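To start, the structure under review is shown below, and the notes come after it.
Laboratory data are not the source of any read-out in this text; all were calculated from the coordinates shown. Because the structure is predicted, anything quoted here is derived from the model rather than measured. Glycine also receives a Cβ, built like all others from the backbone with ideal geometry; neighbour counts cover every protein chain displayed.
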Amino acid sequence: MSRLIMTADDSSSVRQMVSFTLKQAGYEVVEAVDGQDAIDKLAGHQIHMLITDLNMPRLDGIELIKQVRAHAAYKFIPIIMLTTESQPEMKAKGKEAGATGWIIKPFKPEQLLGVIKKVLR
Amino acid sequence: MSEENKFSDGYRQEAQELLVQVEESILDIEENPEDLEAINRLFRAMHTIKGSGAMFGFDDIAAFTHHVESAMDKVREGLVPITEALINLVLSSRDHIKRMLESPDGIEPEEKKNGEVIIAALRELIPDDLPAQEKEPEFFASPQPEEPKSKQLNTSYRIRFKPSEDVFSTGMDPALLLDELAGLGDCRISVLTDHLPVLEGFDPERFYLAWDIILTSTCGLNAIKDVFIFVEDDSEISISVIQEHAITEREEPLPKLGDILVDRGDISREAIDQALGHQKKIGEVLLGEGAISKEKINSALKEQQSLRSVQQNSVSSSVRVPSDRLDKLINLVGELVITQASLTQVSADIDHADLAGPVEDIQRLTGELRDNVLNIRMMPIGATFTKFRRLVRDLSSELGKEINLNTSGAETEMDKTILERLDDPLVHLIRNSIDHGIETAEVREKNGNLLPELFSFPPPTLAPMS
């Protein structure tokens with residue numbers, strides 16, 4: 001059974017690239033344009049993993065992570081922060097919120113797939 | 001259209017839309033400098049133009065936009081006020097980015113200069129901003145410099161990995177990290193259940209296991225550390241080199257079970273000595289005394305088996321050749337080289353087209369033969385290091401002195417004869433250093449000294465004796 005990964009990013013080009021990379025690797029993908037859109041779409045999907053940007057309108061990545069972790073069904077799914085923020089305090093905030101790991105932009109598709117392999121069975 | 005072009009076109013389109021947003025936002029801010037929503041909108045637009053630009057190869061745009069993003073970051077933090085100068089600069093930046101987007105072959109030098117003027121003006125307004133090119137993009141993989149692959153010996157590592165009890169709540173499955181380690185080389189894993197609570201206290205959402213892993217690989221230490229990058233802050237992880245496996249004629253003595261357990265810190269030397277006094281197998285004695293768990297014994301035995309297996313493979317993949325036969329071969333090759341040189345000279349004098357080709361081939365083949373034969377005698381010095389480790393360890397115990405032995409450059413090759421002749425002098429040096437050059441632990445503590453580093457050996461490759 002194919003794994004369903006949600007990608008939340010307000011950049012359409014990043015969503016396009018992440019989506020393409022994941023689909024090429026055999027994953028199914030659902031896209032969200034920001035944190036609130038991600039929360040709304042969770043109701044209609046059973047995701048196995050979340051990849052989220054941190055800086056997004058309406059609901060940012062840190063808040064999104066907190067709300068996903070509070071959801072009983074998603075207490076233990078892997079969540080990866082996809083961000084240009086390389087400051088340690090942002091990574092620390094994300095980890096505190098419940099993120100599993102992070103990738104710093106810019107990244108190569110193979111790096112993204114390498115991280116997914118590390119955290120998703 | 002290739003996927004790369006599709007992504008680039010997608011970025012251009014998105015960036016153009018975002019620049020419209022930038023213009024609208026800055027004009028809103030001009031009307032109302034307290035409009036936090038507009039400030040955040042403007043910041044996010046710049047952030048996305050920069051981040052996505054770097055993703056899709058628009059490095060110049062990313063580097064330039066970084067300055068405007070930084071400025072807006074400070075505005076939204078309340079560190080920099082909105083001024084007319086800043087508004088004008090943001091609008092100029094927006095126009096400059098647009099020109100860059102519309103010039104796929106690069107902007108004119110005059111335009112580039114204009115960009116530099118804008119950056120300089122932004123820096124004047126926000127003095128502690130760093131230029132974009134000084135910040136290198138951070139990639140997830142390999143935060144440390146990778147060790148050159150050609151120099152990596154097959155090395156056995158001992159890894160002890162104890163994830164935090166709430167590792168599941170981070171979404172991490174530690175078993176996946178074991179799979180990743182197994183992909184790096186030969187991996188033998190022992191689970192440790194010392195911290196498993198009784199059933200009544202067992203919480204299925206918490207994690208109670210630990211693992212001892214013996215990994216033999218050429219991947220290098222950094223690749224192993226990268227496996228744990230997401231859990232290193234919250235887990236107990238120790239990685240140590242057990243042995244570097246050079247190709248060697250000699251079978252190196254395997255560490256004994258008791259030595260392995262002491263090295264790991266699982267038991268004291270005194271307990272081992274006491275157990276040995278019973279003349280049973282050390283593992284049985286320790287188990288009988290309840291001094292250690294069966295799992296730790298089995299884990300240490302696995303380490304011993306792993307090293308034995310690697311050693312057997314190393315030794316069996318080499319062939320023993322008497323030294324005098326090698327010497328004879330080298331002499332014959334030496335004479336061949338001289339004769340080939342004469343032949344080349346004669347061919348040049350005769351200058352016959354049919355002769356020149358074969359003579360050139362002989363010259364090339366002779367050169368290769370000479371290089372290969374001389375390399376046969378080259379041995380990695382790492383084989384000697386193992387003996388030194390054992391020597392230091394035994395002397396350390398015998399004299400009651402705590403000593404760290406650090407070696408590097410095990411892959412450095414030397415002629416076998418030089419290596420053999422260096423053996424005794426180096427042993428002599430080490431003995432003398434330990435006997436006379438290093439104080440006991442009590443004296444060192446009194447003097448406030450740390451454990452001494454005894455031996456550091458990173459020599460360059462030495463040429464063989466001809």
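Observations, loosely collected:
- Cα centroid separation - the stretch A:1-63 against the stretch A:87-121, whole Å: 14
- For A:A32, nonlocal amide neighbours, meaning residues 5 or more places apart or on other chains whose placed amide H falls under 5 Å from its own, are A:T7, A:A8, A:D9.
- Taking the longest Cα principal axis of chain B as reference, the axis of helix B:36-55 is set at about 50 degrees.
- Derived scalar couplings ³J(HN,Hα) [the stretch B:183-196; Karplus, 6.51 cos²θ - 1.76 cosθ + 1.60; whole Hz; x for Gly, Pro]: x, 8, x, 6, 10, 10, 10, 10, 8, 10, 10, 3, 9, 6
- FRET efficiency for B:N5 and B:V117, using Cβ-Cβ distance with R0 set to 30 Å, rounded to 0.05: 0.40
- Gain on full extension, evaluated as 0.36 nm per residue between B:L301 and B:E411 minus their Cα-Cα distance, stands at 36.8 nm.
- Quotient of C-alpha Rg and 2.2 N^0.38 Å, computed over the stretch B:161-253: 1.28
- The C-alpha atoms of chain B define a longest principal axis, and helix B:109-125 lies at about 90 degrees to it.
- Trypsin sites (Lys or Arg not before Pro) within the stretch A:57-115, DSSP loop, no more than 15 other Cβ atoms inside 10 Å: A:R58, A:K75
- Cross-link pairs A:K41/A:K66; A:K91/A:K117; B:K296/B:K401; A:K95/B:K296; B:K162/B:K256 - those with Cα-Cα distance over 23 Å: B:K296/B:K401; A:K95/B:K296; B:K162/B:K256
- Within 10 Å of each Cβ in A:92-102, the average number of Cβ atoms from other chains: 3
- A Stokes-Einstein calculation at 20 °C with viscosity 1.002 mPa s, built on the Kirkwood radius of the stretch B:274-376 over Cα pairs, returns a diffusion coefficient of 111 µm²/s.
- Neighbourhood net charge (15 Å Cβ-Cβ; Lys/Arg +1, Asp/Glu -1) for A:Q16: -4
- The stretch B:380-447 - convex hull of the alpha-carbon atoms, volume per residue in Å³: 79
- Against the main long axis of the alpha-carbon atoms of chain B, helix B:416-432 sits at an angle near 90°.
- Amide hydrogen proximity for B:H245: with H placed 1.01 Å from N in the peptide plane, the residues at 5 or more positions away or on another chain lying under 5 Å are B:N154, B:T155, B:S156.
- Among beta bridges that DSSP assigns inside the protein assembly as shown, antiparallel share in %, nearest 5: 60
- The stretch B:67-125 and the stretch B:180-230 have Cα centres spaced 50 Å apart.
- The P(r) of the protein assembly as shown has a tail past 37 Å containing 55 percent of all C-alpha pairs.
- Of the peptides B:197-204, B:268-275, the ranking by mean beta-carbon count within 10 Å, highest at the top, reads B:268-275, B:197-204.
- Stokes-Einstein diffusion coefficient of chain A, Kirkwood radius over Cα pairs, 25 °C, 0.890 mPa s, in µm²/s: 176
- Across all directions, the shadow cast by the convex hull of chain B built on its C-alpha atoms averages 39.7 square nanometres.
- Where a label projected 7 Å from the Cα of B:A341 along Cα→Cβ would reach, residues of the stretch B:350-381 with amide N under 19 Å: B:350, B:359-375
- Peptide B:110-122 shows a mean partner chain C-beta count of 0 within 10 Å per residue C-beta.
- Relative contact order (%) - criterion: Cα under 8 Å, at least six apart; region: chain B: 11
- The slack in the chain from B:T440 to B:L36, taken as 0.36 nm per residue of separation less the alpha-carbon distance, amounts to 138.8 nm.
- Farthest towards the positive end of the charge dipole of chain B, among the residues B:V427, B:I61, B:I39, is the Cα of B:V427, using unit charges on the Cβ of Lys, Arg, Asp and Glu.
- Where labels lie 7 Å past Cα in the beta-carbon direction, separation of B:E398 and B:E165 in nm: 4.7
- With the simple spin-label model, which puts each label point 7 Å out from Cα in the Cβ direction, the B:L79 to A:S2 separation comes to 4.5 nm.
- Point-to-point label distance, B:D354-B:N88, nm (Cα→Cβ direction, 7 Å offset): 8.8
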